[in-house]
Amino acid sequence: MADTRRTAPPSRHARVVVTTSWDDGHRLDSRLAGLLAKHGVAGTFYIAPRNVELAPADRLSPAAIRELGERFEIGGHTLTHQRLPRLSDRAAGAEMRAGKEELEAIVGVQVTSFCYPRGEYAAAHIEFARKIGFTRARTVRRNSLFPGAPLEMGTTVHTYAHRVDGPIALRLARLRPRRALKLALQWDELALRWFELCLEQGGVFHIWGHSWEIDARHDWHRLERVLDHVAHRPDVEYLPNRALLGLTEP
Ligand SMILES: [Zn+2]
């Protein structure tokens with residue numbers, strides 16, 4: 001990979017922002033937070049405090065959530081990690097609200113960012129998010145340097161190798177097939193390439209994932225590599241998801 005530190009700085013008006021977000025509230029989020037803190041990179045942890053998809057022993061305890069909240073933004077992710085479109089509108093709204101209230105009781109500050117579990121949502125859920133006081137909601141859409149609509153915010157890279165990214169990898173590799181293959185198979189390579197484009201054009205480099213997934217796939221070294229690469233840049237802003245308001249347009 002070429003050393004992007006030599007890339008010409010973006011024009012004066014093109015802000016370069018790095019943000020990260022981490023879903024679910026697994027106990028390994030504390031390990032992930034340690035890596036972010038070490039690199040001075042901001043992040044938002046979207047936590048379902050009673051996540052039924054995690055064994056109780058694998059969930060972050062209230063004390064661990066409070067500790068995380070002292071350094072990082074805590075965001076809502078429903079109370080029990082429900083797939084919203086499978087619930088009645090009433091139950092979906094209640095899940096979203098209860099998760100927010102429980103987190104606020106733990107961290108003692110307002111929770112204003114939300115993430116739709118599994119990225120599944122409908123128009124009614126956007127409306128609920130707005131009504132109960134979320135100003136930002138993240139989806140699981142990838143491959144963009146601009147977040148888009150505040151309550152349907154997209155991301156850049158997921159810390160997981162999606163094989164369906166072939167055509168995008170080919171475009172990012174400027175049609176060089178071997179390079180494209182590397183980008184398609186290794187999410188850390190893909191992330192570095194997106195960051196390079198972000199430095200050139202400006203935008204928001206948003207990497208997200210799950211600590212349990214990084215652990216299961218033995219990908220901690222990939223995450224460290226990306227954080228090492230994007231951290232401590234003089235012209236880059238490191239912001240939590242809640243601070244992305246106003247950064248919706250290219
Ligand atoms: Zn989730």
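Table for the structure above
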read-out	value
Residue ID - farthest from Asn241 (Cα to Cα), chosen from residues in the stretch 56-114 that are polar (S, T, N, Q) and open to solvent by 40 Å² or more (accessible area, probe 1.4 Å)	Ser88
Residue among Thr155, Thr159 that alone is surrounded by 21 or more Cβ atoms within 10 Å (Cβ to Cβ) and closer than 19 Å to Arg15 by Cβ	Thr155
Residue match in the stretch 36-47 (condition: closer than 24 Å to Asp228 by Cα, at pLDDT 95 or above, among the small types (Gly, Ala, Ser) and touching a helix residue (DSSP H, G or I) at 6+ places or on another chain (Cβ under 7 Å))	yes
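The values are calculated or read from the model by the stated rules, or taken from the named source; none is laboratory data. These numbers were taken from a predicted model, which means no experiment stands behind them. Note: ideal-geometry Cβ built from the backbone for every residue, glycine included; neighbour counts use all protein chains shown. We work out accessible area using only protein heavy atoms, side chains counted, and drop any ligands, DNA or RNA first. Shrake-Rupley method; radii C 1.70, N 1.55, O 1.52, S 1.80 Å.
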